[in-house]
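Values in this text are rule-based calculations from the coordinates and carry no lab data. Worth saying up front: this structure is predicted, and the values here are computed from it rather than measured. Neighbour counts are summed over all protein chains in view; Cβ atoms, including those assigned to glycine, are modelled from backbone coordinates with ideal geometry.
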Amino acid sequence: AFIVNAHAEGVRLGGLESKMGIKASDTRAVFFENVKVPVEDRLGGVGGGFKIALEILNSGRLGLAAGSARGTREIMRIAMEHARTREQFGRPIGSFEMIQKKVAQAAVDCYAIDAAWMLTSSMVDRGGIDFSLETAACKVFGSELAFRTSNEALQIAGGIGYSKEYPYEQSVRDSRINLIFEGTNEILRALIALSGLQQPGEHLKAIGKAFKAPLRSLGVLGSYLAGRAKRQVTKPPITQAHPALAAEADMIASNVHDLALGVERVLMKHGKAVIERQYLQERMANAAIDIYLSIAVLSRATAAIHRAGEEPAAAEDLDMARLFIPMAMRRARRHIRALANNQDARLTAVASRAMETGELAPVPETDR
Ligand SMILES: Cc1cc2nc3c(=O)[nH]c(=O)nc-3n(C[C@H](O)[C@H](O)[C@H](O)COP(=O)(O)OP(=O)(O)OC[C@H]3O[C@@H](n4cnc5c(N)ncnc54)[C@H](O)[C@@H]3O)c2cc1C
């Protein structure tokens, strides 16, 4: 990594991009032509640049997640004020359950992303741990939450939501970029899945070698098979959760257990070719993100109960945890099941056919 003086010879800025959102932030291409960089402008040692770049991306992703949470809160604050005051059918629209559902969903998801970025920030502060998966999980969840909620806020506003006079359309435009920069959400899902696969993959490689020379490797195989048998029936213990959240802790433990077994099966079936299996990567990443967010929520709500001294005083946190964790764990379970039972071959057939012909789906009979 190195620093380049913006006024150095050979550095040229492209024109200002005309963007759909975040217009207060200038975006331009930067061209470097035979630029000379003096050795004192090098950051760190030679070959260490990639690590520096990753660390910068890590902190950027965490900031983006926290910013998305704050943006979500602000646009919903405006939408809720509208829902309180706008009357239809003789009552405020906020009294209708379809509007309340949007508010409640945004609230629990906002609680969850706040829990996750705070937990991840504490890891960053403690130092000495690789937190790239956690920051990626926060970025993916936070960016999708802010965009989804901006759309829902606009929907709560109804027709005026579509008008530039109100902040909803700007929120939709501004929040859209978060799914693209600091690593697109597709790339981050692949990163989460493939990094998560690394350790079990190395373990299974050692086991694979042991199977080739079983007599010399009885110890390795014995402990693997014993460990596998144990893993089939035992869930990881979650010991620190408040007893009021025991059921939610158990749901998380079940999903951690099932995901570990699912990952092992994927690796045994696909081996290195898993690098090409993005349907599976996406499911593993989605399950891992929901599990991480759920653990963060469990931890935040547990701390809130301890702080309050009694459950009723932490009723709001308990509601959040009791809504978010079962919802997230249902999603995770669906993704884990689909690692084995899916329609992936058919998805590929449909996508390939569409891209080969350029026609998305069969043309309506009326257009033929
Ligand atoms: C407003 C704005 C500000 C920016 N600021 C900066 C900045 O400050 N610094 C900087 O370095 N960059 C910046 N960028 C660049 C930004 O990081 C990239 O646009 C982004 O990483 C995506 O790269 P790309 O545009 O080349 O898209 P592509 O890489 O072409 O991707 C296009 C689509 O294909 C998907 N895709 C690509 N590869 C794969 C794969 N292997 N598997 C599955 N899907 C895949 C992507 O997820 C995406 O959906 C900025 C961009 C914008 C729009």
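Dipole check for the chain: with +1 at the C-beta of Lys and Arg, -1 at the C-beta of Asp and Glu, and the Cα centre as origin, the magnitude is about 1240 Debye.
Along each principal axis, taking the top coordinate minus the bottom one, the Cα set of region 232-368 gives 68, 42, 19 Å in descending order.
Would you count, across region 49-183, every pair of lysines whose alpha carbons are under 26 angstrom apart, provided the pair is eight or more residues apart or spans two chains?
On the way: LYS51/LYS139; LYS101/LYS139; LYS101/LYS164; LYS102/LYS139; LYS102/LYS164.
So the count of such lysine pairs works out to 5.
The fewest-to-most ranking of THR366, THR302, THR120, THR357 by surrounding Cβ atoms within 10 Å reads THR366, THR357, THR302, THR120. Database remark: amide H of VAL11 closer than 5 angstrom to the amide H of GLU33 (H placed geometrically; neighbours at sequence offset of 5 or more, or on other chains; Pro and chain starts carry no H). When the Gaussian network model of the chain links Cα atoms closer than 10 Å, the mean-square fluctuations of GLY63, GLY71, GLY44 top out at GLY44.
Rg and Dmax, both from the Cα atoms of region 263-308 and both in Å, are 16.2, 50.
Given PRO38, PRO200, VAL108, which one lies farthest toward the positive end of the charge dipole of the chain, if we put +1 on the Cβ of every Lys and Arg and -1 on the Cβ of every Asp and Glu? Highest projection toward the positive end goes to PRO200.
Straight Cα distances below 16 angstrom link LYS205 to the lysines LYS269, LYS272, with same-chain residues fewer than 8 positions distant left out.
Please report ASP290, ASP26 as a ranked list, fewest other C-beta atoms within 10 angstrom at the top and most at the bottom. Don't jump to the answer; show the numbers that get you there.
On the way: ASP290 27, ASP26 10.
Arranged by neighbour count, lowest to highest, ASP290, ASP26 become ASP26, ASP290.
Each of ASP114, ASP319 has some number of other Cβ atoms within 10 Å of its Cβ, and from fewest to most they run ASP319, ASP114. Couplings 3J(HN,Hα) for region 70-85, derived from phi with the Karplus relation 6.51 cos²θ - 1.76 cosθ + 1.60 (θ = phi - 60°), are 5, x, 4, 4, 5, 5, 6, 4, 5, 5, 5, 4, 5, 5, 6, 9 Hz, where x marks Gly and Pro.
Exactly which chymotrypsin sites (Phe, Trp or Tyr not before Pro) in region 89-119 are in a DSSP loop and have at most 16 other Cβ atoms within 10 Å?
Details: sites: PHE89, PHE96, TYR111, TRP117; in loops: PHE89, PHE96.
Here the sparse-neighbourhood loop sites are PHE89, PHE96.
Normalising the average separation of contacting C-alpha pairs (under 8 angstrom, six or more residues apart) by the number of residues puts the relative contact order of the chain at 15 percent.
Over the Cα atoms of the chain, Rg to Rh with Kirkwood Rh, two decimal places? Walk me through the intermediate numbers first.
Details: Rg = 24.5 Å, Rh = 24.0 Å.
For the chain, the value is 1.02.
The HN-Hα couplings worked out from phi for region 258-275 by the Karplus form 6.51 cos²θ - 1.76 cosθ + 1.60 (θ = phi - 60°) are 5, 5, 4, 5, x, 5, 4, 5, 4, 5, 5, 6, 9, x, 5, 5, 4, 4 Hz, whole numbers, x standing for Gly and Pro. For PHE2, the residues whose modelled amide H falls within less than 5 Å of its own, excluding neighbours fewer than 5 places apart on the same chain, are LEU43.
Estimated from helical segments only, the mean residue ellipticity of the chain at 222 nm is -23000 deg cm²/dmol, where each DSSP H run of four or more residues counts as -39500 (n - 2.57).
Using DSSP to call loops (not H, G, I, E or B), can you name the GluC sites (Glu not before Pro) in region 96-174 whose Cβ has at most 16 other Cβ atoms within 10 angstrom?
Counting only loop positions with at most 16 other Cβ atoms within 10 Å, the GluC sites (Glu not before Pro) in region 96-174 are GLU165.
Other residues lying with their Cβ under 10 Å from the Cβ of GLN170 contribute a combined charge of +1, Lys and Arg counting +1, Asp and Glu -1. Taking all C-alpha pairs of region 49-183, those more than 17 Å from each other amount to 60 percent. Neighbours of ILE295, meaning other residues whose beta-carbon lies under 11 angstrom from its beta-carbon, give a summed charge of -2 when Lys and Arg score +1 and Asp and Glu score -1. Counting Lys and Arg as +1 and Asp and Glu as -1 over every other residue whose Cβ lies under 9 Å from the Cβ of GLY21, the net charge comes to +3.
So which residue, out of GLY358, GLY196, GLY127, gets the largest mean-square fluctuation from a GNM of the chain using Cα contacts under 10 Å as springs? Answer for the Gaussian network model of the chain: GLY358.
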